[in-house]
Amino acid sequence: DGGITQSPKYLFRKEGQNVTLSCEQNLNHDAMYWYRQDPGQGLRLIYYSQIVNDFQKGDIAEGYSVSREKKESFPLTVTSAQKNPTAFYLCASSIEGSGNTIYFGEGSWLTVV
Amino acid sequence: GDSVTQMEGPVTLSEEAFLTINCTYTATGYPSLFWYVQYPGEGLQLLLKATKADDKGSNKGFEATYRKETTSFHLEKGSVQVSDSAVYFCALTPNSGYALNFGKGTSLLVTP
């Protein structure tokens with residue numbers, strides 16, 4: 001089945017550690033995105049990528065890093081520099097072009113312990 | 001910058017009641033407008049979309065019309081069901097952009 005797969009679903013991180021969230025899509029989409037969701041704040045854009053080997057910062061990129069070495073993969077690393085990383089993280093993808101539908105994965109819960 | 005404002009919840013309705021969730025936007029040019037739905041613990045699913053003024057998006061009994069004169073994209077459903085309980089997000093993509101700008105979401109609870 002076509003779709004977007006995020007892993008792990010639940011992740012616990014100790015303070016000071018980096019952690020990487022995986023996102024894979026088999027929809028042949030060019031663009032991929034990472035959003036963060038906090039209660040009562042909607043979704044905020046962390047990073048997005050329109051093509052392989054290229055990506056841009058979103059509204060809240062500080063403390064995060066990404067790579068786009070393959071079209072189908074867009075992993076997100078939450079670094080120790082991110083002061084409040086506990087949140088629900090959503091990966092998404094779309095075909096190229098403004099106004100096209102963006103499709104979401106099931107999300108990953110990250111908790112700092 | 002481009003932004004979306006939607007009514008705050010939670011909204012609580014009885015089954016078969018009429019639903020309206022207000023959404024207004026600020027944008028230059030002609031954004032595309034979307035409604036997404038999120039069930040507990042899950043990702044977002046596209047509910048409906050409209051890409052130009054006066055377009056009506058519809059799906060599963062939900063409707064929304066792209067009103068440029070009032071910069072609005074209100075979500076409506078004539079008769080809600082318990083299974084419609086979820087969080088609803090209004091969003092836009094700018095005229096020349098890709099990524100979605102989201103409202104803060106409106107939680108809907110439908111009681112039997």
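The values are calculated or read from the model by the stated rules, or taken from the named source; none is laboratory data. Note that the structure is a prediction, hence the values are computed from the model and not measured. Positions of Cβ are backbone-derived with ideal geometry, glycine not excepted, and every protein chain shown enters the neighbour counts.
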Top-ranked residue in the range A:1-37 [being over 24 Å from B:L100 (Cβ atoms) and of a type in the set (S, T, N, Q); ranked as farthest from the chain's Cα centre (by Cα)]: A:Q17
Extreme residue, farthest from A:S49 (Cα to Cα), among residues of the range B:80-107 that are at the interface with chain A (Cβ under 10 Å from one of its Cβ atoms) and aromatic (F, W, Y): B:F89
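Conditions (1) assigned to a loop (DSSP other than H, G, I, E, B); (2) closer than 19 Å to B:G105 by Cβ, marked per residue:
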position: A:N28; (1), (2): yes, no
position: A:R44; (1), (2): no, yes
position: A:S49; (1), (2): no, no
position: A:S93; (1), (2): no, no
position: A:G99; (1), (2): yes, no
Odd one out for A:I60, checked against (1) farther than 27 Å from B:L33 by Cβ; (2) in a loop (DSSP other than H, G, I, E, B); (3) among the β-branched types (V, I, T): (1)
Matching residues in the range A:69-86 - criterion: being crowded, with 20+ Cβ neighbours inside 10 Å and over 16 Å from A:Q17 (Cβ atoms): A:F74
Only one of B:L13, B:L19, B:L92, B:L47 that is touching a helix residue (DSSP H, G or I) at 6+ places or on another chain (Cβ under 8 Å) and not polar (S, T, N, Q): B:L19
Strands (runs of 3 or more DSSP E) fully within the range B:1-72 counting 1 or more residues that are closer than 21 Å to A:R44 by Cα, free of Cβ contacts under 8 Å to residues at least 24 places away in the same chain and within 11 Å of chain A (Cβ to nearest Cβ): B:44-50
Only listed residue being surrounded by 14 or more Cβ atoms within 10 Å (Cβ to Cβ) and modelled with pLDDT of 95 or more, chosen from B:S72, B:S32, B:S79: B:S72
Pair list, Cβ < 9 Å and 6+ apart or interchain, from the range A:32-43 residues that are facing chain B (nearest Cβ under 7 Å) and under 25 Å from A:K70 (Cα atoms) to residues that are surrounded by 21 or more Cβ atoms within 10 Å (Cβ to Cβ) and among the β-branched types (V, I, T): A:Y33/A:I46; A:Y33/A:I102
Selection count where residues are at pLDDT below 90 and facing another protein chain (nearest Cβ under 7 Å), scope the range A:89-101: 3
Unique match (being at pLDDT below 95, in contact with an Asp or Glu (Cβ under 9 Å, 6 or more places away or on another chain) and over 20 Å from B:P31 (Cα atoms)) among A:A31, A:A81: A:A81
